[in-house]
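As structure tokens, the structure follows; a few thoughts come after it.
The values are calculated or read from the model by the stated rules, or taken from the named source; none is laboratory data. Treat the numbers as computed from the prediction; the structure is a model and nothing was measured. Cβ sites come from the backbone with ideal geometry, for glycine too, and all protein chains shown count toward neighbours.
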Amino acid sequence: MLPLSQSAGYAVLALSCLEDPGGQPVLVQDVATWTGAPGPYLAKIFSMLSKAGLVVAKRGNQGGVILARPAKNIPLSELAEVLDGAGWHSNCLLGLMECSDERGCPVHAFWKAEREQIQTQLLEVTLADVARFEREQHPAKAVPRS
């Protein structure tokens, strides 16, 4: 059980197909087509990411969305925090409201260790890693460009 939301998953996939600053902006609808995410839902995600300073939206001719900084400098943990909130990783595996080091559920110690590993991994993996993976897995599938 990974505690990331579907919104965070869409964000990771969507941002992995954007270009670094200075590259060509991509229309949100084109990203939605490529990812299979509903366009209006993805637009709301991009709005959150824009407010967090992760993407820049350009209007008009040659408009679209582009990364605000290089993909290699955006860890997945940052996306998780923007989309799921700062406490995304502190939930009890069993869903108990009262679960802490002082009053841990039967799986508390296990889940605490797993959460720490997840957090470490998400700090180390960047959008550039996801983009590289997507290109290797789907070499013929390019992001549609308008």
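Brief remarks on what is shown
- V65 passes every criterion in (1) within 15 Å of L4 (Cα to Cα); (2) touching a residue at least 24 places away in the same chain (Cβ under 8 Å) apart from (1).
- Residues of region 100-113 classified as of a type in the set (A, V, I, L, M) and either touching a residue at least 40 places away in the same chain (Cβ under 8 Å) or not in a loop (DSSP other than H, G, I, E, B) (or both), total: 2
- Residue within region 100-111 that is of a type in the set (G, A, S), in contact with a Lys or Arg (Cβ under 9 Å, 6 or more places away or on another chain) and surrounded by 12 or more Cβ atoms within 10 Å (Cβ to Cβ) present: yes
- Among the residues of region 112-140, those identified as surrounded by 14 or more Cβ atoms within 10 Å (Cβ to Cβ) and not basic (K, R) are E114, I118, Q119, L122, V125, T126, L127, A128, D129, V130, A131, E134.
- The listed residue being of a type outside the set (A, V, I, L, M, F, W, C), surrounded by fewer than 17 Cβ atoms within 10 Å (Cβ to Cβ) and modelled with pLDDT of 95 or more, out of K58, K72: K72
- Top-ranked residue of region 14-36 - restricted to ones that are at pLDDT below 90 and of a type in the set (A, V, I, L, M, F, W, C), ranked as farthest from A128 (Cα to Cα): W34
- Selection from region 56-73 of residues that are within 20 Å of the chain's Cα centre (by Cα) and under 16 Å from V28 (Cβ atoms): V56, A57, G64, V65, I66, L67, A68
- The requirement of being assigned to a loop (DSSP other than H, G, I, E, B), over 21 Å from Q24 (Cβ atoms) and either touching a helix residue (DSSP H, G or I) at 6+ places or on another chain (Cβ under 7 Å) or modelled with pLDDT under 90 (or both) is fulfilled somewhere in region 114-130, by at least one residue.
- From S90, S47, S16, residue being under 27 Å from W111 (Cβ atoms) and either surrounded by fewer than 17 Cβ atoms within 10 Å (Cβ to Cβ) or among the small types (G, A, S) (or both): S90
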